[in-house]
Every structure is written in structure tokens, then in C-alpha cells.
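Peer 1: Structure in C-alpha cells, see below.
What follows is calculated from the coordinates using simple rules that are stated; it is not laboratory data. Keep in mind that what you see is a predicted model, and the values were worked out from it rather than measured. Don't worry about glycine lacking a Cβ; one is built from the backbone with ideal geometry, like all the others, and counts go over all protein chains shown.
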Amino acid sequence: MATTHFDYLIVGGGMVADTAARGIREIDTAGSIGILSDDVDEPYTRPALSKKLWTDDDFPWEKVPLGTAADTGAEIRLRTRATAIRPEAHEVDAAGETFSYGKLLLATGGHPVPLPIEDRSNGERALTFRTAADYRRLRALSTEVDRIAVVGGGYIGSELAAALVQNGVDTVLIHTGAVLGDAVFPPALAERFEALFREAGVEIVAGSEVVGGTADATGVRLALKNGDVVRADAVVSGLGIEIATDLADAAGLRVEDGIVVDAQLRTSADDVWAAGDIASYPDRILGRRRVEHVDNANEMGRAVGRNLAGAAEPYTHTPYYYSAVFGIRYEAVGTLDSSLETVEDWIDTDRGVIYYLDADRVVGVLLWNVEDARDAARAVLAEADTLTRDALVGRIR
């Protein structure tokens, strides 16, 4: 079996791979970088797939690729899935080849949760949504068929439903909550959030779980847990991801809700780092956590790349996450859980800050149409032990 050596080997071809390669180049301008990706496209800006590409005419497809190879000199192997890691030998097996490395980064992300249906269409009418290829297929479907079902009321599901209906597609959104967004937003705000979708023409099927069904060349039939049936021409799943930690687990790395890393993003194996969706890291403000959002991918990717090249710097960034639908944008830092107590501080009818409290201590901050306040939200969380409820109102403007 042939062996190829890279000074820096990255397993995974997403946004972390791009920013890590750039981080490496900030310190080491000459070391060889290899990226093993099971995608069919070189690294690209993933959030655009469910946001700007559908709603912003000034954001064409040409802005999606990140230019990783051209900018960093990395050698990117597409359609190349790693099958084994041997940390003691500093080797990775992939696509019938062995790759040796000086430093290894695991940035394998995750796989979308599939629908529990029989797909006789070979993915033509029943889609998961994660990759640029998924976007291209859904975009084509949006012009080929009349009615598309979206399953899942979280970030991806809600963004896809908004994107489709704004592009003239008869859209039905199926989710398990009583009201769209009720798992994260206080009741009144969840009602307002769902109203945005209904007013745009999205059919909402709430309190419903897809438990079976079929997809074929003529359309899809979705069987719900309550016995009802939803029919559409196609369906896309927005049910989140299952993180890809199987390689790390098989290699004996410490895995507990993600690959456990230290403050410098090192795993339990020598010369192996992990970053992005799969990394359980010690946040300096919020404690150990795992974050599946783009800000973390960008910031952690750069940090881990620098550390691969010898920087030995702690990752001190507390990431935020965001969504944008129907002209509103909300951002958050920390934990959003509607079962927690909240303090709502509305600036006006369209802008406000919501604080989430656990035992009277702020653990999350939601910024609803409030711009340039992420650092202020982080400061609230950093000072949570000393802040009273009264001190929260008016603090962020």
C-alpha cells in the first residue's frame, strides 16, 4: 500500500479545514498540508447553503468556495474517506492508501440525521441537508416540483422552510414542538416566530414526528406518529447531525459527547488535535461544551491550525450562533432553553435581549435583531456570578 506523508494532515474537508490550513500558514509557510475530504467540493462557506444563496441576489455561487488550496497550498483529496487512525504510528488509512503525518487534526464534523422512511428514489426526492451537493439538489427540486416538505423545526429546518417558501415553493414544515421555536424561545416570542412562517405561506404541522413513509419518483408519503399522513413531491430532513467520532473512538482517543480536547485543542493522543463540531473543549466562560456553529468552526479552526504549527495557545473564544429568516436575525451566546427562567428586555417591538437564568445565574443571552452586541453578551456571561436580575435590564443596547 502506497504511503504519502504530510507535515500536517487534516481529516475532514469543511470550514474547520480551511481555517486550520490558514492558521498553519500564519506560522509555518512551508510545511506540507494534506486535507482528506469525503465531500465532492473543496471547502466552502456552509451557512450560505440555507441562507444567502436563496435570498440574496448579490451572493452568487461563486462566493461559496473558500479557495483553500489556492490560498494555502494545501493538497485536497476529495471523495476520500478516512477508515482508520493509528496515532502511535502517526498514520491514517483512506481510499486504499496510507497517509503518514507529523501533526494530525480531526475535523470530521457530522452526518445529517436521515428520515425513517423507505427511499425508492435514491435520494432524488428524499434529501438530507448538509453539503453543497445537497443544496444543488434541493435548489433543482425547488424549480422542478410544486410542494416540498421540511422535517425539523431547528435552525436548519426553519431556514430551509423560509428559503423554499420565499422562492415560490409550496412548503410544509413538520416539527415536534407545540409552537415553532418553543424549545428555545419564551412562549410569546415562539408565537411571533411561528407567525412569520404562517404569514409567508408555510403550512405548519406541529407536534408531529415522522415515523415512516416512502419516497419514489412520483413523490413522498410521510407517516406521522399520530396516524396522519403528509404528502409532498419531495422532502428534506433538517433534523440535525450525528457527530462523526467513530474514527477517534476506534483509535482509543477519549470520547465523551465529542472528542475531548484540552485548552489547546489537543486530544488524548500525542500529535493529534480535534476541532469543530466534534470537539468537546473547555470554554473559558461557559465550561466544557461542544458547539456546532460556524463562528466556532472559524475561530477554533484558526486556533488549532496555529497550535498544530507550534503556537501552544489556549482557545479563549466563546462562540456565538445565529440564524436569519424573513428579515429578522437572532444571535445567541451560551445556553438557550425555554424551560429556564428568562428576563426579557425589549428595546422596542422588534428588538430585544432575553437572558436565560439557571438558579438565578445567567447562562445564555439571546439577541433579537440587536447588532454588534456579542461581546456585551459574553461580558454578561463572564460576570454572571455578580449580576442581579435588576442589573440585566438596560445593560445591552
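Peer 1: Convex hull volume of the Cα atoms in the chain, per residue, in Å³? Intermediate values should be presented prior to the final figure.
Peer 2: Working: hull volume 58.8 nm³, N = 397.
Looking at the chain, the number lands at 148 Å³ per residue.
Peer 1: Can you grab the distance from the C-alpha centre of the stretch 96-141 to the C-alpha centre of the stretch 371-397, Å, no decimals?
Peer 2: Their Cα centres are 39 Å away from one another.
Peer 1: Return, for the Cα atoms of the stretch 282-397, the radius of gyration and Dmax in Å, separated by a comma.
Peer 2: Over the stretch 282-397's Cα set, Rg and Dmax evaluate to 15.2, 50 Å.
Peer 1: Here is a follow-up. Could you rank the peptides 268-274, 61-67 by their average count of other C-beta atoms within 10 Å per residue, with the highest value first? Walk me through the numbers on the way to the answer.
Peer 2: Details: 268-274: 20.4, 61-67: 14.1.
Highest mean packing first, the order is 268-274, 61-67.
Peer 1: From the residues LEU366, ALA324, VAL165, which one has its Cα farthest along the dipole of the chain in the positive direction, the dipole being from +1 and -1 charges on Cβ of Lys/Arg and Asp/Glu about the Cα centre?
Peer 2: VAL165
Peer 1: Where the only charges are on Cβ atoms (+1 Lys, Arg; -1 Asp, Glu), what is the dipole of the chain about its Cα centre, to the nearest 20 debye?
Peer 2: On the way: 39 positive and 64 negative charges, 45 e Å.
Roughly 220 debye for the chain.
Peer 1: Return the ratio Rg/(2.2 N^0.38 Å) for the stretch 113-237, where Rg is computed over Cα atoms only.
Peer 2: On the way: Rg = 13.6 Å, N = 125, 2.2 N^0.38 = 13.8 Å.
Against the empirical 2.2 N^0.38 Å value, I get 0.99 for the stretch 113-237.
Peer 1: Straight-line reach from LYS63: which lysines fall under 29 Å, measuring Cα to Cα and dropping same-chain residues less than 8 apart?
Peer 2: Excluding near neighbours in sequence, the set is LYS51, LYS52.
Peer 1: Note the full-extension length gain between ALA178 and GLU97 as 0.36 nm times their separation in residues minus their Cα-Cα distance, in nm to one decimal.
Peer 2: On the way: separation 81, 0.36 × 81 = 29.16 nm, distance 5.01 nm.
Length gained, ALA178 through GLU97: 24.1 nm.
Peer 1: Taking a quarter of the surface of the convex hull around the Cα atoms of the stretch 50-136, what do you get in nm²? If you can, show how the numbers build up before the last one.
Peer 2: Details: hull surface 35.2 nm².
With the hull built on Cα positions only, its mean projection is 8.8 nm².
Peer 1: Additional query: Summing +1 for each Lys or Arg and -1 for each Asp or Glu, what net charge is found among the other residues whose Cβ lies under 12 Å from the Cβ of SER268?
Peer 2: Details: positive: ARG254, ARG266; negative: ASP249, GLU256, ASP262, ASP270, ASP271.
Residues near SER268 contribute -3 overall.
Peer 1: Find which of ALA82, VAL184, VAL220 sits farthest along the positive direction of the dipole of the chain, computed with +1 on the beta-carbon of Lys and Arg, -1 on that of Asp and Glu, about the Cα centre.
Peer 2: Of the listed residues, the answer is ALA82.
Peer 1: For the stretch 19-38 and the stretch 255-312, what is the centre-to-centre distance using only Cα atoms, to the nearest Å?
Peer 2: Using only Cα atoms, the two centres lie 16 Å from each other.
Peer 1: Looking at PRO65, SER338, ALA312, which one has the Cα that reaches farthest to the positive end of the dipole of the chain (charges on Cβ: Lys, Arg +1; Asp, Glu -1)?
Peer 2: PRO65
Peer 1: ALA89 versus ASP257, label points 7 Å from Cα toward the beta carbon: distance in nm?
Peer 2: Distance between label points: 3.5 nm.
Peer 1: Per the helix-only calculation at 222 nm, which mean residue ellipticity applies to the chain, given -39500 (n - 2.57) for every DSSP H run of n ≥ 4 and division by its residues, nearest 500 deg cm²/dmol? Walk me through the numbers before you get to the answer.
Peer 2: On the way: 10 runs with 93 residues, N = 397.
So the calculated ellipticity at 222 nm is -6500 deg cm²/dmol.
Peer 1: How long are the semi-axes of the ellipsoid equivalent to the stretch 327-392, from square roots of 5 times the Cα gyration tensor eigenvalues, in whole Å, largest first?
Peer 2: 18, 12, 11
Peer 1: Here is a further query. Taking the square root of 5 times each eigenvalue of the Cα gyration tensor, what semi-axes in Å does the equivalent ellipsoid of the stretch 214-276 have, largest first? Walk me through the numbers on the way to the answer.
Peer 2: Working: eigenvalues 347, 28, 22 Å².
Result for the stretch 214-276: semi-axes of 42, 12, 10 Å.
Peer 1: Using R₀ = 22 Å, calculate the FRET efficiency as 1/(1 + (r/R₀)^6) where r is the Cβ-Cβ separation of ARG389 and TRP346; round to 0.05.
Peer 2: On the way: r = 15 Å, r/R0 = 0.70.
The formula returns an efficiency of 0.90 here.
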